[in-house]
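As structure tokens, the structure follows; a few thoughts come after it.
The values are calculated or read from the model by the stated rules, or taken from the named source; none is laboratory data. Please read these numbers as outputs of a predicted model, since none were measured by experiment. When we count neighbours, we look across all protein chains shown, and the Cβ atoms used for this are built from the backbone with ideal geometry, even at glycine.
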């Protein structure tokens, strides 16, 4: 089957839409899997630190580190959007051109 015929066949378009839907489903499932794994790792990190020696300072520091890690994992979209907005609102490059000094004109 030629590429032109494959491009004009409506059955291939339906197949492509199905593939895009499946890719979207895998992406969302993968994101949920990574978030769940990050939650388990943070819980393991907290328990490991507390079993080493239980102190209030160790508990607070471990909770802060774990909370920061979970915030980053669960808010990737917010970080991506805020970075995109900053890049869009950044001013364009400004080209400065020095004005020629009038005292340097030489008579011809």
Matching entry among 46, 64, 15, 59 (being more than 28 Å from the chain's Cα centre (by Cα), in a helix (DSSP H, G or I) and at pLDDT 75 or above): 59
Unmet criterion (only one of (1) at pLDDT 80 or above; (2) part of a helix (DSSP H, G or I)) for residue 54: (2)
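Residue-wise test of (1) modelled with pLDDT of 80 or more; (2) surrounded by 10 or more Cβ atoms within 10 Å (Cβ to Cβ); (3) part of a helix (DSSP H, G or I).
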residue: 1; (1), (2), (3): no, no, no
residue: 39; (1), (2), (3): yes, yes, yes
residue: 72; (1), (2), (3): yes, yes, yes
residue: 83; (1), (2), (3): no, yes, yes
residue: 100; (1), (2), (3): no, no, no
